[in-house]
1. Under 5 Å between amide hydrogens, which residues at least 5 positions from Ile132 or on another chain qualify, with H placed 1.01 Å from N in the peptide plane?
2. Would you mind checking the tilt of helix 351-364 against the longest principal axis of the Cα atoms of the chain, expressed as 0 to 90 degrees and rounded to 10?
3. Please give me the summed charge of the neighbours of Pro134: other residues whose Cβ is under 13 Å from its Cβ, Lys and Arg +1, Asp and Glu -1.
4. With axes computed from alpha carbons, what is the tilt in degrees of helix 175-185 against the longest principal axis of the chain, rounded to the nearest 10 within 0 to 90?
5. Step through the residues of the stretch 533-542 one at a time and calculate ³J(HN,Hα) from phi using the Karplus curve (6.51 cos²θ - 1.76 cosθ + 1.60, θ = phi - 60°), rounding each to whole Hz and writing x for Gly and Pro.
6. Using a 10 Å cut-off on Cβ atoms, rank the peptides 184-192, 481-489 from the highest mean neighbour count down.
7. Would you mind computing, in nm to one decimal, how far apart the modelled labels at Asn512 and Asp129 are, each placed 7 Å from Cα along Cα→Cβ?
8. To two decimal places, what compactness ratio does the stretch 126-199 give when its Cα radius of gyration is scaled by 2.2 N^0.38 Å?
Amino acid sequence: TPVERIRNFCIIAHIDHGKSTLADRMLQLTGVVDERAMRAQYLDRMDIERERGITVKSQAVRMPWGVTDESGRTEAYALNMIDTPGHVDFTYEVSRSLAACEGAILLVDAAQGIEAQTLANLYLAMENDLTIIPVLNKIDLPGADPDKYAAEIGSLVGVDPDDVLRVSGKTGVGVPELLDHVVRTIPAPTGDPDAPCRAMIFDSVYDTYRGVVTYVRVIDGRLSPRERIAMMSTLAQHDLLEIGVISPEPIPTQGLGIGEVGYLITGVKDVRQSKVGDTVTTARTGATEALSGYSDPKPMVFSGLFPIDGSDYPALRDALDKLKLNDAALNYEPETSTALGFGFRVGFLGLLHLEIIRERLEREFDLDLISTAPSVVYDLTMEDGTEIEVLNPSDFPEGKVREIREPVTRATILVPSEYIGTVMELCQSKRGNLRGMDYLSEDRVELRYTLPLAEIVFDFFDQLKSRTKGYASLDYDVEGQQAADLVKVDMLLQGEAVDAFSAIVHRDKAYNYGVEMAGKLKNLIPRQQFEVPIQAAIGSRIIARENIRAMRKDVLSKCYGGDISRKRKLLEKQKEGKKRMKNIGSVEVPQEAFIAALSSD
Ligand code: GTP
């Protein structure tokens, strides 16, 4: 396709505003997928994505579309639609996808209006200088109020409300006009066809049969089949085994020219050798300057993952190794816990990333896992000037700490104005600092806060949702670090610290945390032959205490005089229970108690 007939665009939207449904309709209208092969959310390939209705990995599809000009001639265009993940955890992938496009459809639910990720994605698109096409979706809904929200979007994007397109991804109304509009308003790609090749990797997916499939957008020059290519961040070279476009299945081509979007296969087996954001060039007479913008995704949230059955440890390691092939952001190292045994300390981009990985491990690899409370990375300066990074609360050093720094976020919350008070109260209690507030319309407000990441990963989102009946939306970006008065609280059983329950919390909240945890553990740990004190401590200072009273546990007394087989059964049952006990010093704790105490409620 000549470059002036190419249009590269993406759809950006808040979660559930209907991006995947609209993409499906476009595939159908352009004839890329026929009626029979159509299944809901064609682009969301992973089962887990389809079940949860969210898009995790971005994909790119090429669609033919004919547009008739004023003279009545129909010209054929190639539209490359690049699907982007919608959730905050995957902002890095969104921004790479955007960098591969000239335009973006900003999709807004006509019954909901603008939400936090609508704004976050819009700002990313504007930073990438994309042409924005504002579109209201779901106009078929009885509750849709397109006039109201057209005005809202109009004032946000700076267009006349009458120029905001109205579609229904569900019924298909307005979608052909939207595709025409894409051709007319989004500029064709530009680039230098004679320069050395430079192509940007915007996605990289591991496929069991083909190895890593890398999605690229060619900026300058051309990539041809059977060429030797180089990755500019690592200078690693690979043979190009196949190159082509996706429409909607992979179709090999005679190469990709400027502005074109497609895939490469080189036979590498690990997505880390083909990293999102990297520049691909040719090994011979290649480019000398990489395209800007490559950065390694950085894990922000850490959690310990432990198999409930200790013998599953090797299986857990294999499963993590497999998932890592497809997830450059996943990081882990072995961790040993007295309470939970052998496991891994795993780094995630955010809470959703954590949940998805955990669910995949349990579902696809059939593992039963316990995860410890998510924590963030703390940077410490000790009295003697040494610097320490703490990824795990139980590694918090004993010595004198001069300063602790924690990651802070810039958070944006969109909420109906009636909830401003309760949201401010919540942010206040989470150590938030108000940065600004704007009315987007008369009944909807944007609140901007600085909030510690540790408070967000705890239970912020759940509380925000429940206090606003689900009407608030949240987006956040880690912005830097701030010094804070934080302490480590240990939970002691009979004087011995249980590593899985150590937490780093703000000094003002340490007491509450200690009391709450001690109460929880008291209810979960069965009575022993002796009295067991449960204490919460900061260093050697005890801040809370509970007691588990002693009890003589004699299972046989219950069936005095009963028949012998019943006695044996009871004894066996008790033995089985024993196997699942962990010893903390001389205290026997059932595994279930740890699971229950670690699961938030
Ligand atoms: P993520 O991939 O998680 O970002 O979600 P999404 O934006 O792709 O939303 P999706 O297409 O999964 O749609 C969300 C819900 O809205 C689904 O239940 C759809 O059936 C519904 N939906 C999408 N488009 C329309 C529409 O035009 N009209 C109506 N009535 N419902 C729609």
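The values are calculated or read from the model by the stated rules, or taken from the named source; none is laboratory data. What you see is a predicted model, and the numbers here were worked out from it, not measured in a lab. In this analysis, Cβ positions are derived from the backbone assuming ideal geometry, glycine residues included, and neighbour counts consider all displayed protein chains. Just so you know, the surface numbers come from the protein's heavy atoms only, side chains and all, with ligands and any DNA or RNA stripped out. Shrake-Rupley method; radii C 1.70, N 1.55, O 1.52, S 1.80 Å.
1. Ala104
2. Compared with the principal axis, the helix lies near 80 degrees.
3. Working: positive: Arg166; negative: Asp109, Glu152, Asp160, Asp162, Asp163.
Combined, the nearby Lys, Arg, Asp and Glu give -4.
4. Once rounded, one gets 70 degrees.
5. These are the phi-based 3J(HN,Hα) values: x, 10, 10, 10, 9, 10, x, 9, 8, 7 Hz.
6. Details: 184-192: 15.1, 481-489: 17.6.
Ranked from most to least packed, the peptides come out as 481-489, 184-192.
7. The two pseudo-label positions are separated by 4.8 nm.
8. On the way: Rg = 16.1 Å, N = 74, 2.2 N^0.38 = 11.3 Å.
That works out to 1.43 for the stretch 126-199.
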